[in-house]
1. Working only within region 51-67, note down all residues that are under 41 Å from the mean Cα position of the chain (by Cα), more than 7 Å from ligand 1 (Cβ to nearest atom) and either hydroxyl-bearing (S, T, Y) or not in a loop (DSSP other than H, G, I, E, B) (or both).
2. Filtering region 472-500 down to residues that are crowded, with 18+ Cβ neighbours inside 10 Å and of a type in the set (V, I, T), which residue is modelled with the lowest pLDDT?
3. Can I288 be described as touching a helix residue (DSSP H, G or I) at 6+ places or on another chain (Cβ under 6 Å) and farther than 24 Å from T216 by Cβ?
4. Between a first residue in region 466-481 that is over 13 Å from I530 (Cβ atoms) and a second residue that is surrounded by fewer than 16 Cβ atoms within 10 Å (Cβ to Cβ) and among the aliphatic types (A, V, I, L, M), which pairs have beta carbons less than 9 Å apart while being 6 or more apart in sequence or on different chains?
5. Out of region 410-459, which residues are closer than 25 Å to N400 by Cβ and among the aliphatic types (A, V, I, L, M)?
6. Pick from region 57-79 the residues that are surrounded by fewer than 23 Cβ atoms within 10 Å (Cβ to Cβ) and aliphatic (A, V, I, L, M): which of them is nearest to E118 (Cα to Cα)?
7. Being under 27 Å from the mean Cα position of the chain (by Cα) and modelled with pLDDT under 95 is the requirement here; does G103 meet it?
8. In region 235-263, how many are in a strand (DSSP E or B) and without any contact (Cβ under 8 Å) to a residue 40 or more places away in the chain?
Amino acid sequence: MPIKVLNAKTASKIAAGEVIIDPMAVVKELLENSIDANSTIIDINIENGGKDRILVADNGYGIPYEDVALAFKRHATSKISKLEDLTSLGTLGFRGEALASIGAISKVTMKTQFHLEEIGALVDVVDDNIEIKENSFKTGTTVVIKDLFYNTPARLKHLKKSSELTKEIIGIVQNIALSHPEISFSLYCDGELVLKTPGDNQLINSLYTLYGKDITNNLMKINYNNLPLSITGFIGKPEYVKSTRQYQYVTINKRFIQDNKIKKAIEEAYENTIMINKHPIFFIDINIPFDMLDVNIHPAKTKIRILNESLILLLIKDAIRKNIREKTIVKEITMNKPKLIINDKEMIQEKISITSEIVEKPIEKVNELEPPYELDKEQKNDTNMNKYKSEVGIKELFVNAKIIGQIFNTYIIYEGLDYILMIDQHAAHERIIFEELHHKYKTGEKTLQQVFPYNLQLSPKNYQVLINEKQLFEKLGFEYDEFGNNTICLRSVPILFNIPQDHNLLISILEEIQDKIDKTNSKILIDKIILVACKKAVKGNKKMQSIEIEQLIHQLSLCEYPLSCPHGRPTVMKMTQYEFEKQFKRIQ
Ligand code: ADP
Ligand code: MG
């Protein structure tokens, strides 16, 4: 075929395919336009996964009557006028392609009225024909897209099932709603309200309506400022992790982006506070000066290039780490007010259910936070938070506290001025050994070793593991020579928390890492080995002398994350005298 310039109609359909690949892309572009128009309320209505109908209605400033026709022309935009504008761009759109593209592959109706004009425009677009009539509306814009891809059958044929498309649309609306808590979004799918955000500019409240109480109760506020970078939003408590990355949400300058490097940096900041293979949750906005960004590298604009990226990643990691350390607070036990004392009649009823009510509830209620509407208020009050900063906090908690004793051979009780502290000695031990081994592994500092020669015969696989990972084991304090014939001569093992170990420690480690060894990288392997070592080194159910208890608390207070064990369980809990008195009904 000879080379020919495509006619405009064909070219526009092809170009449209680059921006508008599915109903979700239509919703995204229309929402971005509504946001750029300073809307405060946006309603979205979709039918049949968006294939039949997509409606987006906003109360933004609308389009001037004279400009309406232009809005549907390719490369027509009110947002930039020259290339340099891209470097200072504050709007989501800028290519001037969306409306033209959507118009090329669907039937579009638009009602719009500009805020400074008395009359609005009713627009019909079918197949490049644009018809505009005068009409009177409220200020704002409503766009209705019908029969998406009706004239590009190939694209239509390859669309996913409606239920899938609906799910994708819910996802994108959720994402966009989270980056704009100042806007109230409502989404209806086939007539049913699927989500509605309050639009009160409180991210925590948007999160609450989208994800519920469980997630919002487990968030810590972040407000970090270190030029050129600032971070705002919420990050999950280390003890609240997920097995997927579904709840990791990052915007840069309020623009939703897909950036695995940033997510990875944040996950690294959680290192040693959460379990391996679990993922923290976070919902944050990172503010970076526009001149350090290039937003124009991806058609859907969900990728971004950051200049000086490695510095920015470092700062992000540092910010998150600091926040985890500062905001991790001692767990405080508070109990639900038992409903027992309301009146006699209820008391009788209560007695019937007393076992389930009274026995189960208080345990569940450990550290339950206020409902999210108040959580925000509380977390804003930073002086209140300072009191609990873990670094100072844990030492302070124990300063004037005295040992009461040990109970169940497992927990240690301390009495402070107006509170008691309960320490899970096993969890505390694990935290101390975990950090100690990690530190030694990282710095190459020599581990105290128990030295002895011991000949150990192993399975061929385990023997191979020890040969392959010799350096790694050596750093942890295991030294050995290979004798061949699946036998090693073990020369030394680490002394963990003053407890000398023997060859059984190595055997336990080998047993536990056996099936993971082929699949994991050395970082995960190290964590795994250290975790096994911790588990083995710590004796549960162990009577402890006062001097041992004091030593344990001292070492715990030196830890970077003293308040949880490596699996995220608490090491220390606190209960105030006030809470005691409340429970014993001395006060109401
Ligand atoms: P872009 O958003 O890249 O500028 P679009 O094709 O999406 O390009 O929109 C073209 C123009 O139409 C925008 O620049 C804007 O001026 C106007 N426009 C589109 N949608 C709206 C809306 N909901 N409210 C106000 N103006 C709008
Ligand atoms: Mg746009």
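1. Correct list: R53, I54, L55, V56, A57.
2. V493
3. no
4. E479/V451
5. I412, I413, L417, I420, L421, M422, I423, A427, A428, I432
6. Going through the qualifying residues, I end up with V68.
7. Here the answer is no, as G103 does not meet what is asked.
8. Residues meeting the conditions: 3.
The values are calculated or read from the model by the stated rules, or taken from the named source; none is laboratory data. Fair warning: this is a prediction, and the values are worked out from it, not measured in the lab. Positions of Cβ are backbone-derived with ideal geometry, glycine not excepted, and every protein chain shown enters the neighbour counts.
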